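What follows is a short report on a single structure.
The values are calculated or read from the model by the stated rules, or taken from the named source; none is laboratory data. Just so you know, these numbers come straight off a predicted model, no measurement behind them. FYI the Cβ positions are ideal-geometry reconstructions off the backbone, even for glycines, and counts take in every protein chain you see.
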Amino acid sequence: MSTSVLPATTPADLGDLPDCPGVYHFYAERGALLYVGKSIHIRQRVRSHFQQAKTDARHARLCRQVARVEVTPTAGELGALLLEAQQVKDLKPLYNKRLRRQRGLLSWRLHASGELESVTRLDSSKENPLYGLFRSQHQARERLRELAREHGLCLRVLGLEAGQGRCFAQQLGRCRGACCGMEPLAAHQQRLQDALMPLQLATWDWPGAIVLPEYDPVQGLKQWHVVRQWCLLGSTANVKQCAALAQGSGEFDLDLYHILSGWLHRHPEQPVEQL
């Protein structure tokens, strides 16, 4: 993947920028990284920053400091999305919204018995779907309490309240009585599953790693993105490296999960190759 570097201080200086997909970097005079962005039309997008500087104070402050623009072309929009998300977190540019790597995320798994289990291994499949992504046990339990209030679920059956007999919410008319036999557990289970459905994570429908190829015929640039369980294992311009990347381990990243799952949902025509 080639990289173009040029000095730039006004829109007129940007004519040599490629008008292709990729990621761009704004640098200050002494080399400080100011901003990382992405676009499928880099030249147009970079020029728009300088145009917005005429009316927007934030863009004006940014563009006054730009001494150099560095461009990394990608083979398509997906590659640009993935690279930008990684570099904003890794390089921490001054003007980008700070994005933190979400470590230690957990989710809910609903067993056939009706038991809810919190899990940190985020391997969602059609047979074993997962529900929600939470930063802590406290956040997960609070979201479950909200669902209980919204859907008349029993906190005791959900494992959020100790005791026997009628739960306190049932005495107040907020629980339909699964805790004391007034409602069949099967009915409670079905309502719980229905309540969790909007939180269901995109399922991983392949037995192992997959490759998402991209090709830009204008640049003649090809890329292969290797993914397993929504973790990006790497991107390469050499197809022979895919097998080696598939042997590695990737860290689950919330932003990359949304990018990858959203991309495949919006682009059913995207070729998918299994490794």
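Being in the same structural domain as residue 152 (by TED's automatic domain parsing), surrounded by fewer than 18 Cβ atoms within 10 Å (Cβ to Cβ) and aliphatic (A, V, I, L, M) is the requirement here; does residue 187 meet it? Here the answer is yes, as residue 187 does meet what is asked. Just wondering, is there one or more residues in the stretch 32-42 that are at pLDDT below 90, in contact with a His (Cβ under 7 Å, 6 or more places away or on another chain) and either surrounded by 21 or more Cβ atoms within 10 Å (Cβ to Cβ) or closer than 24 Å to residue 217 by Cα (or both)? Within the stretch 32-42, none of the residues are at pLDDT below 90, in contact with a His (Cβ under 7 Å, 6 or more places away or on another chain) and either surrounded by 21 or more Cβ atoms within 10 Å (Cβ to Cβ) or closer than 24 Å to residue 217 by Cα (or both). The residues listed here are 54, 97, 89; of these, the one that is surrounded by 15 or more Cβ atoms within 10 Å (Cβ to Cβ) and either under 30 Å from residue 120 (Cβ atoms) or at pLDDT 85 or above (or both) is 89.
For residue 225, the conditions (1) within 28 Å of residue 141 (Cβ to Cβ); (2) in contact with a Ser or Thr (Cβ under 7 Å, 6 or more places away or on another chain) are fulfilled apart from (1). Scanning the stretch 127-140 for residues that are in contact (Cβ under 8 Å) with a residue 24 or more places away in the chain, under 15 Å from residue 196 (Cβ atoms) and part of a loop (DSSP other than H, G, I, E, B) yields one hit, 129. Which residues, taken from the stretch 184-224, are in contact (Cβ under 8 Å) with a residue 12 or more places away in the chain and over 30 Å from residue 263 (Cβ atoms)? The answer is 185, 188, 189, 191, 192.
Using the structure shown, decide if residue 83 is in contact (Cβ under 8 Å) with a residue 12 or more places away in the chain, part of a loop (DSSP other than H, G, I, E, B), hydrophobic (A, V, I, L, M, F, W, C) and surrounded by 11 or more Cβ atoms within 10 Å (Cβ to Cβ). Here the answer is no, as residue 83 does not meet what is asked.
Does residue 205 meet the test of being surrounded by 15 or more Cβ atoms within 10 Å (Cβ to Cβ) and closer than 20 Å to residue 231 by Cα? No, not satisfied. Need the failing condition index for residue 219 against (1) at pLDDT 90 or above; (2) over 23 Å from the mean Cα position of the chain (by Cα), just the number. If we test residue 219 against (1) at pLDDT 90 or above; (2) over 23 Å from the mean Cα position of the chain (by Cα), just (1) comes out false.
Look at (1) of a type outside the set (S, T, N, Q); (2) in a strand (DSSP E or B); (3) touching a residue at least 12 places away in the same chain (Cβ under 8 Å) and you find that residue 117 fails only one, number (3).
Taking the conditions (1) within 19 Å of the chain's Cα centre (by Cα); (2) of a type outside the set (Phe, Trp, Tyr); (3) under 27 Å from residue 169 (Cβ atoms) in turn, residue 115 satisfies each one other than (1). Can you say whether residue 228 is basic (Lys, Arg), outside the structural domain of residue 164 (by TED's automatic domain parsing), in contact with a helix residue (DSSP H, G or I) (Cβ under 9 Å, 6 or more places away or on another chain) and without any contact (Cβ under 8 Å) to a residue 40 or more places away in the chain, as far as the supplied structure shows? The answer is yes for residue 228.
Candidates are the residues of the stretch 144-161 that are touching a strand residue (DSSP E or B) at 6+ places or on another chain (Cβ under 8 Å) and touching a residue at least 40 places away in the same chain (Cβ under 8 Å); the one that is nearest to residue 198 (Cα to Cα) is 158.
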